[in-house]
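Following: one structure in structure tokens, then a few remarks.
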Amino acid sequence: MRRSEGLDLLPFMRRWDMLPPPGGRILCAVSGGRDSMCLLHYLWTLGRRENFSVAAVHMNHGQRETAQRDVLFVQDFCRERGIPCITEQVSVPEKAKEWGVGIEEAGRRLRYETFRRAAELTCADRIATAHHAADQAETVLLNLLRGTGSEGLAGIPPVRGEIIRPLLETSRQEIEAYLEQHGIDHVEDETNGDRSLTRNRLRLDIMPLLRELYPGAEGSICRTAEILRREEGCWRELVERVLPERGTEMERRVLLELPYALRLRALRALVERTAVGRKDYGAAHYEAMERLLHGPGGLLHLPGGVVALCRGEKFSLEKEDRAPETVALLPGVTRWGGYTVVLEKSEHPASGGNALVLDADKITGGLTLGPCRPGDGLYLPGGRGRRSVKRLCLDRGLDPVERDRLPAVYAGGRLAAVWPLGTDREFLPRETGGVRIIITIKRETSGGQNDG
């Protein structure tokens, strides 16, 4: 964190390759607050000297009555200086409800979506946000309190993709001094004083106490984050050497031969390659994957509809293909979850080997077809008692993912049969006489053919 008289961001920007190519453009995310106004004015001034232009983007969160005031303030500032300005209005509360996330998380997602759209419209090479040293220190402390590893303690990166943060080593005092020096006005977001928001409470109550106890607290936290960020860079290089060129499947042996700390980083890198990313993953999820690797095999359900699989010598992360909902099973043809199911009644034994046969007289209530409920089991002919479907599938070497999508027949809410395991003894037909319910099941292939 600098302690110089003036604000000179150029060395920091050059060190992290933040400058666009000659004649390029930086899009500055501007709320109208002191930090973003400082950044916008500084980049606008620097651009005229370093041969790049600046555009601005402002997002109205739809949460405050004074939000339109902020829009007009930013637009007026940009108009006076010939800075292209894009504004967009969204409803963060509505999106938070739709996505099932908190207000802060919804706002963060919407902001970056808006920034990227604006960057395309303005042909910007970089997107600059006004995160500064105090933001960095607060982020590190929040991650520590939530529980994190060294990557979380490394805090906010100066550069992530096209996102750059030129003020990341700049103190709040330096920002205020710059605004005063250049006579730049700003607007105040009333929600910044809302102590019901965790980050606000940390900034307003905890950080002043830390500075009182240790005047250099903010700078020390930021220096620690910088050290850990460099170390994380070394870890990433080591991880990249063992990861496959693409995809999320690895040799189990390769993972198990890695030191524990490197193995967890490799797992995090694999999760990052999935479509959902690792935003919702915590230490407990990686520890569960660790146990899966050391176990006999199986699967593990993870956030975002991802499953971790250990099959033989392979470990992989796959998008979970959930089974369809339970449906009524009626005479005729039913298509369910990639299977063609034919139900018919007959007084004669079934002729095919793919059929599940039930005694019609033992059926009370309707028949339904769906995925097997967790914990349900079958007492199969020749067996030594009721066994869980999970155990029966393991005994037959069925894939754990396939197990959760096998067609299960329920009679009056009780498990009567599972294909291809068989029919429970309670529902088996008599050897002679009576009406049989014959359920023939065939798996559909991608080419439209069926296999049995």
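Observations
- Accessible surface for Phe77 stands near 20 Å², nearest 10, in the context of the full protein assembly shown (1.4 Å probe).
- Candidates per GluC sites (Glu not before Pro) in the stretch 65-129, loop by DSSP, up to 13 other Cβ within 10 Å: Glu65
- 14 Å beta-carbon shell around Thr66, net charge (K/R +1, D/E -1): -4
- Rounded to whole numbers, the Karplus 3J(HN,Hα) couplings from phi for the stretch 263-272 are 4, 5, 5, 5, 5, 5, 5, 5, 4, 5 Hz, using 6.51 cos²θ - 1.76 cosθ + 1.60 with θ = phi - 60°, and x at Gly and Pro.
- A cut-off of 5 Å between modelled amide H atoms, ignoring neighbours fewer than 5 places along the same chain, links Thr87 with His58.
- Using a cutoff of 8 angstrom between alpha carbon atoms and counting only pairs six or more residues apart, the relative contact order for the chain works out to 11 percent.
- Apportionment of accessible area to carbon and sulfur, the stretch 187-261, percent (1.4 Å): 56 percent
- With Cα atoms, 0 to 90° folded angle of helix 34-50 axis to the chain main axis: 70 degrees
- Over the chain, dividing the summed -39,500 (n - 2.57) contributions of all DSSP H runs of at least 4 residues by the number of residues returns a 222 nm mean residue ellipticity of -11500 deg cm²/dmol.
- Solvent-accessible surface (1.4 angstrom probe) belonging to Arg203, in square angstrom, nearest 10: 50 Å²
- Compared with the dominant Cα axis of the chain, that is its longest principal axis, helix 172-182 is turned about 50°.
- Evaluating 6.51 cos²θ - 1.76 cosθ + 1.60 at θ = phi - 60° for every residue in the stretch 378-385, the Karplus couplings come out as 10, 10, 7, x, x, x, 9, x Hz, glycine and proline recorded as x.
- Gain in span if fully extended, Arg246 to Leu209, counting 0.36 nm per residue against the direct Cα distance: 8.6 nm
- Only lysines eight or more places from Lys97 in sequence, or on another chain, were considered; those with a Cα closer than 21 Å are Lys279.
- Residues with amide H under 5 Å from that of Gly32, placed H, sequence gap 5 or more: Met37
- With all protein chains kept in place, the per residue accessible area of the stretch 288-332 amounts to 52 square angstrom at a probe of 1.4 angstrom.
- Annotation: per residue accessible area for the stretch 127-255 equals 53 Å², rounded to a whole number [probe 1.4 Å, protein chains only].
- Among beta bridges that DSSP assigns inside the chain, antiparallel share in %, nearest 5: 75 percent
- 3J(HN,Hα) from dihedral phi, the stretch 132-140, Karplus parametrisation 6.51/-1.76/1.60, rounded to Hz, x for glycine, proline: 10, 4, 5, 4, 4, 4, 5, 5, 4
- Dimensionless Rg/Rh of the stretch 231-293 - Kirkwood Rh, Rg from C-alpha atoms: 0.92
- Axis angle, to the nearest 10 degrees, between helix 103-122 and the longest C-alpha principal axis of the chain: 70 degrees.
- Amide N of the stretch 7-36 lying under 16 Å from the label point, which is placed 7 angstrom from the Cα of Cys123 along Cα→Cβ: 20-27
- Amide H contacts for Ala128 (H built 1.01 Å from N in the peptide plane; partners 5 or more residues away or on another chain; cut-off under 5 Å): Leu27, Cys28, Ala29, Ile164.
- Accessible surface of the stretch 1-125, 1.4 Å probe, proportion on carbon and sulfur as whole %: 48 percent
- Sequence-distant contacts, meaning Cα pairs under 8 Å at least 6 residues apart, place the relative contact order of the stretch 1-136 at 31 percent.
- Among the protein heavy atoms, those of Tyr42 account for about 20 Å² of accessible surface (1.4 Å probe, every chain in place).
- Per the Cα gyration tensor, the chain maps to an equivalent ellipsoid with semi-axes of 60, 25, 20 Å, ordered largest to smallest.
The values are calculated or read from the model by the stated rules, or taken from the named source; none is laboratory data. Source: prediction; values computed, not measured. Here the Cβ is made from the backbone with ideal geometry for all residues, glycine too, and neighbour counts use every protein chain on show. Remember, those area values only see protein heavy atoms, side chains included, never the ligands or the DNA or RNA. Shrake-Rupley method; radii C 1.70, N 1.55, O 1.52, S 1.80 Å.
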